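In what follows, a single structure is set out as structure tokens and then discussed.
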Amino acid sequence: MELKGYQQKTLTQVKVYLEWLSKAKKEAGRRQTLSSEFADVEFFDFPKAAWGKVSSRPYYSKKNGLGEGLPDFYIKIPTGGGKTLLACHVIDLINRIYLKKQTGIVLWIVPTTQIYRQTLEALRNRDHPYRQVLDMASAGRTIISEKTERFSRLDVEENLVVMLLMLPSANRLNKEVLRIFKDTGGFTDFFPPEDDLRANEELLGKLPNLDYFGEDKGFFGKIAKTSLGNTLKILKPIIIIDEGHKAYSQSAQRTIRDFNPSIIVELSATPPEQSNILVEIGGQELNHEEMIKLDLHVYNKSSLKWQDVLREAIKRRDDLESKALEYEANTGIYIRPICPIQAERTGKEQRGTRYIHAEDVKDYLIKQSGVAPEKIAIKSSETDDIEGIDLLSHDCPIRFVITKQALQEGWDCPFAYILAVLTNPNSQLSMTQLVGRILRQPYAKKTKTIELDESYVFCFKPRASDLLESIRRGFQNEGLGDIAGSITIDKDDTGLPETSLKTVGYRDRFKHFEGKLYLPKFVIQENGSWRDVNYETDLLRRIDWNLFSLDYVFNLALDKRPLVDREVVVGLADNKRDVIKEKKHVYETLTTWQIDTVFMTRQLLDIVPNPWIAYGICDKAVKALVKRHGATVVSYNLAFLIEELRKHLESERDRLAEIVFRDLIAKKTLWFFLIADKGGYRLPSRLRIKNDTKRLVRASHSQLERSLFEEMPEEGINEMEKSVAICLDEQQKLLWWYRNLARRDYFIQGWKKNKIYPDFIFTDMAPSIKNDYDSIYVIETKGLHLMGNEDTTYKTSVFDFCNSLGKQRDWRELNMEFKNKKIEFQVIYEDEWRNRINQILG
């Protein structure tokens, strides 16, 4: 699974911290040697020292059960951001960079049964991306374990053992779950024999927080318990805490630290105070990467009847399913919109009271709305109709899930679009806790069908101000506080509630352009209709990897030296001034990597998705290099070889994808079309902006005059773009300009994966027709430091190609609105933009 940009950024920040942590730990070891000789040597807090190298935030120091410095950091990431996938990658980084190994044990702590089941199922599925990351980290030697299962010393030495544990099971104050600390007798492999009193004494001296039988002065002395809890303390696990804010009772903190972890990594959307937040990801980053469904529409019914709210939610779900069926017909991508419904009661004995019961809701769906019973599920503490069911499966019939609280955490179904809240209008708790369940975008990719890229809440009778606050708090609880402005409250037909957004339209003199401004896009005809070109489907799968050349790899210069660690033995110096001196050097040869072609293949699958082709490339490269250098030398350079293969493959993939792209154009399979019914892009006629947003104005503080919309917000525009916008607005021969919004507005899909979102769209002023234009200009601005880099060169090449296609096309063939008009694409640099704009409009 290819990582999103914010996920790559997260892992880069973690990697840098771990590198400093490794250095600081070595320094701590050096000082510990000194402290055994000198009582006045100060304790060195190595996690804090490393933290100071990478973060300006305060660091809150922790110690494990042995009193050792304990690295502990938080990754703050919103709901739907891929916490579990990141955790798997972080485990790999910790082992490689900090612990210098591939094996060992990970204790993965989760807060709820729902999250436990989902995580366990995913990690045990060898085809799941989470498991694949762990398998790559361990070279295919991964064991997923529960606390009731046994593992041996050999298992831990030769495999990466990941044990899942429910948080309550880690809380020693919970008497019902103390079995984890009992002497089960199943882990004797990690302990000396009971009759070896000296060995037990040494073990307890080394690890004094182990649980034990007996007493110091007893006849048999103290004997360490062979329990799972003690085993974990001996192994010093990596600890991953999912939803880390749940682990902050004092007893939970003590219990977790008492496992003697080597490091703790916590992931949550809402870390508590005094957390060591290493990485903080905001909702905007998820939104830009198409991970969440926004805007969120909240429909506030004024009716006193819950049936009216449910009726509206059913209608919206049915409308969305129609859109989804149309989308599937055009793309082959399946979406089945699901409506979670929150009732007030679910217990059998609670039906017939004044509360809205789940069975009453189910009856209404079946008898009044004609919903088939198999399309309805109830999820409660007593009834779980969705357990073990793949809600994303094409064969799953479920459209409605009725619950009270069971979906509040650990249930993130991308098909959940509409939340119907039938609970007490005065209760804000339900909205706050459930809003996150409908935000995840199916397949982490926008459909470009607006209705399928947004989410919906139906409720009744709360005051608008309370409703907004409730939803805003829900966003904050999901780590999405920075996009709380993306909430639209739709009015009921009896009145207009308060709103923080306003709609902005075209300026009066440009209103005749509404719905008539088109820009061309690359599209493919399929099943009688037109769709956007898709990088993976239309380009990547058509690449002929037989055209890929391995000559570069065959000619790599390999390092013939074996890998070694340098160890320096330090003792006390003869004089007090020097304190220490080097006594000797010890060189220890590291274990060489085995040449594992399957392991290499796994490292390339994000570039070459076909595993057979990727394996063939690796096999061919290895055989050629072994023939030239020998197997031993190749094994020394395996990591280098994988890195070089990846760089070369990425370059070749882009080269071959361009060949495919141009060939599809030549064969008239791929088209550069203008009008909407053949895939062209139509500029929006309305903008939704905040009421209190700061307007963009000219340098003289006078209002803009030539922007397409009546107002343009200053938010989200950098200084260079602001200067360009003001310059455009002051051009006498310019008709109108528009700031194209990245990840939201017009884009061009070229032969590389990432779409190109230009910065500005503007038109000149037609000399012969009043209030009309001759040409549309699509502009990408670049800082001077980016001139000539790979991304800029690529965008320039795509723009040049678009211009050449535009010259071959008479746009009036496609749309009479564009008779005698032209469209031009340009990349403009920081040092020339004013001159270039003057030339264009001169």
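The values are calculated or read from the model by the stated rules, or taken from the named source; none is laboratory data. All of these numbers come straight from a predicted model, not from anything done at the bench. Positions of Cβ are generated from backbone atoms using ideal geometry, with glycine treated the same way; all protein chains shown enter the neighbour counts. Quick note on the areas: whole protein, heavy atoms, side chains included, nothing else; ligands and nucleic acids left out. Shrake-Rupley method; radii C 1.70, N 1.55, O 1.52, S 1.80 Å.
The table below lists the values:
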| item | result |
| --- | --- |
| The range 642-674: number of residues that are of a type outside the set (G, A, S), more than 27 Å from L558 (Cα to Cα) and assigned to a helix (DSSP H, G or I) | 9 |
| Members of the range 316-368 found to be in contact with a Pro (Cβ under 7 Å, 6 or more places away or on another chain) and in contact (Cβ under 8 Å) with a residue 60 or more places away in the chain, listed by number | R317, L320, E321, A324, I335 |
| Residue match in the range 347-358 (condition: open to solvent by 30 Å² or more (accessible area, probe 1.4 Å) and under 36 Å from the mean Cα position of the chain (by Cα)) | no |
| Test result for E121, open to solvent by 20 Å² or more (accessible area, probe 1.4 Å), at pLDDT 80 or above and closer than 27 Å to C413 by Cβ | yes |
| Elements of type strands (runs of 3 or more DSSP E) contained in the range 512-613, each with 1 or more residues being modelled with pLDDT of 60 or more | 521-526, 529-532 |
| Meets criteria (in contact with a strand residue (DSSP E or B) (Cβ under 6 Å, 6 or more places away or on another chain), under 24 Å from D831 (Cα atoms), open to solvent by 10 Å² or more (accessible area, probe 1.4 Å) and touching a residue at least 40 places away in the same chain (Cβ under 8 Å)) for D764 | yes |
| Total residues in the range 606-629, condition surrounded by fewer than 18 Cβ atoms within 10 Å (Cβ to Cβ), among the hydrophobic types (A, V, I, L, M, F, W, C) and free of Cβ contacts under 8 Å to residues at least 40 places away in the same chain | 2 |
| Qualifying residue in the range 384-393 (condition: open to solvent by less than 50 Å² (accessible area, probe 1.4 Å), at pLDDT 95 or above and touching a Phe, Trp or Tyr at 6+ places or on another chain (Cβ under 8 Å)) | no |
| Whichever residue in the range 727-753 is assigned to a loop (DSSP other than H, G, I, E, B) and buried (at least 18 other Cβ atoms within 10 Å of the Cβ) and, among such residues, is farthest from the chain's Cα centre (by Cα) | Q731 |
| Checking N838 against (1) open to solvent by less than 60 Å² (accessible area, probe 1.4 Å); (2) in a helix (DSSP H, G or I); (3) at pLDDT 80 or above, the condition it does not meet | (1) |
| Test for A406: is it modelled with pLDDT of 90 or more and either of a type in the set (G, A, S) or open to solvent by 40 Å² or more (accessible area, probe 1.4 Å) (or both) | no |
| Near pairs, Cβ below 6 angstrom, 6+ apart or cross-chain, from the range 53-70 (free of Cβ contacts under 8 Å to residues at least 40 places away in the same chain) to any residue that is part of a loop (DSSP other than H, G, I, E, B) | S61/D45 |
| Checklist (1) touching a strand residue (DSSP E or B) at 6+ places or on another chain (Cβ under 8 Å); (2) open to solvent by 40 Å² or more (accessible area, probe 1.4 Å) applied to I333, failing item | (1) |
| Selected residue (only one of I91, I115 is modelled with pLDDT of 95 or more, crowded, with 17+ Cβ neighbours inside 10 Å, assigned to a helix (DSSP H, G or I) and not polar (S, T, N, Q)) | I91 |
| Residue selected from the range 65-88 under the condition open to solvent by 10 Å² or more (accessible area, probe 1.4 Å) and assigned to a helix (DSSP H, G or I), by the criterion modelled with the lowest pLDDT | K83 |
| Evaluation of V724 against (1) closer than 16 Å to L696 by Cα; (2) assigned to a loop (DSSP other than H, G, I, E, B); (3) open to solvent by less than 10 Å² (accessible area, probe 1.4 Å) (one fails), failing number | (2) |
| Which numbered condition E711 misses (of (1) in a helix (DSSP H, G or I); (2) of a type in the set (D, E, K, R); (3) modelled with pLDDT under 90) | (1) |
| Selection count, the range 247-287, where residues are surrounded by fewer than 19 Cβ atoms within 10 Å (Cβ to Cβ), touching a Phe, Trp or Tyr at 6+ places or on another chain (Cβ under 6 Å) and part of a loop (DSSP other than H, G, I, E, B) | 2 |
| Residue satisfying condition, being within 30 Å of K770 (Cβ to Cβ) and either open to solvent by 70 Å² or more (accessible area, probe 1.4 Å) or modelled with pLDDT under 85 (or both), within set T503, T499, T488 | T503 |
| Residue among R662, R682 that alone is open to solvent by 40 Å² or more (accessible area, probe 1.4 Å) and at pLDDT 90 or above | R662 |
| Residue identified as modelled with pLDDT under 90, out of contact with any Lys or Arg (no Cβ under 7 Å at 6 or more places or on another chain), open to solvent by 30 Å² or more (accessible area, probe 1.4 Å) and among the aliphatic types (A, V, I, L, M) among L197, L235 | L197 |
| E652, sole failed condition from (1) of a type outside the set (A, V, I, L, M, F, W, C); (2) open to solvent by less than 60 Å² (accessible area, probe 1.4 Å); (3) at pLDDT below 90 | (3) |
| Answer from A39, A28, A49 - the residue that is modelled with pLDDT of 90 or more and more than 18 Å from L267 (Cα to Cα) | A49 |
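Quick grid of which residues meet (1) open to solvent by 40 Å² or more (accessible area, probe 1.4 Å); (2) of a type in the set (A, V, I, L, M); (3) without any contact (Cβ under 8 Å) to a residue 60 or more places away in the chain; (4) not in a strand (DSSP E or B):
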residue: D127; (1), (2), (3), (4): yes, no, yes, yes
residue: Y130; (1), (2), (3), (4): yes, no, yes, yes
residue: M136; (1), (2), (3), (4): yes, yes, no, yes
residue: E149; (1), (2), (3), (4): yes, no, yes, yes
residue: V156; (1), (2), (3), (4): no, yes, no, yes
residue: L164; (1), (2), (3), (4): no, yes, yes, no
